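Before any comments, here is the structure.
The values are calculated or read from the model by the stated rules, or taken from the named source; none is laboratory data. Quick caveat, the model's predicted, so the values are computed rather than measured. In this analysis, Cβ positions are derived from the backbone assuming ideal geometry, glycine residues included, and neighbour counts consider all displayed protein chains.
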Amino acid sequence: MAERTECLFCRIVDGDLPATLVHEGERVVAFRDVTPVAPTHVLVIPREHHVTVTDLGRDEPAALVELVAVADRISHAEGHAGDYRLVFNSGAAVGQSVFHVHGHVLAGRGFTWPPG
């Protein structure tokens with residue numbers, strides 16, 4: 001596991017790197033993605049370092065519940081009335097590039113199925 005000082009998202013949580021915050025809660029933080037793929041593209045992350053959503057659910061289930069609730073609140077606040085996609089990538093082979101669990105809240109355009 002990366003040291004907290006080496007993890008991009010831990011550094012954002014700690015205030016060492018700038019981010020456009022849209023939510024700060026007890027267990028999670030949300031900020032705009034720097035390379036958005038949809039009109040609304042917000043990352044929701046736990047304050048504590050966990051590599052995957054599975055790790056978060058096992059080790060800190062209350063943070064996972066808060067993360068999902070915040071994702072829904074963001075979709076409403078952004079004017080999407082709960083119409084959004086919440087994506088977690090778990091592992092490099094499926095596109096995880098920052099190994100601190102993060103949910104992508106995507107909304108504001110049409111999406112195809114299956115994704116990818």
Restricting attention to region 107-115, does a residue exist that is surrounded by fewer than 21 Cβ atoms within 10 Å (Cβ to Cβ), within 23 Å of C10 (Cα to Cα) and modelled with pLDDT of 95 or more?
no
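What about F9, is it in contact (Cβ under 8 Å) with a residue 60 or more places away in the chain, at negative phi and either in contact with a Lys or Arg (Cβ under 7 Å, 6 or more places away or on another chain) or of a type outside the set (D, E, K, R) (or both)?
Yes, satisfied.
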### Message
Regarding region 2-21, can at least one residue be identified that is at pLDDT 95 or above, surrounded by fewer than 17 Cβ atoms within 10 Å (Cβ to Cβ) and assigned to a strand (DSSP E or B)?
### Response
yes
Here the residues within region 26-45 that are surrounded by 16 or more Cβ atoms within 10 Å (Cβ to Cβ), over 20 Å from A92 (Cβ atoms) and in contact (Cβ under 8 Å) with a residue 24 or more places away in the chain are R27, V28, A30, A38, T40, H41, V42, V44
Kindly establish whether F31 is aromatic (F, W, Y) and under 23 Å from T5 (Cβ atoms).
yes
Residues of region 13-25 being within 11 Å of L43 (Cβ to Cβ) and touching a residue at least 24 places away in the same chain (Cβ under 8 Å), in sequence order, are V22, H23
Flagged in region 62-81 as under 16 Å from V22 (Cβ atoms), in contact with a Ser or Thr (Cβ under 8 Å, 6 or more places away or on another chain) and part of a loop (DSSP other than H, G, I, E, B), in numbering order, are E78, H80
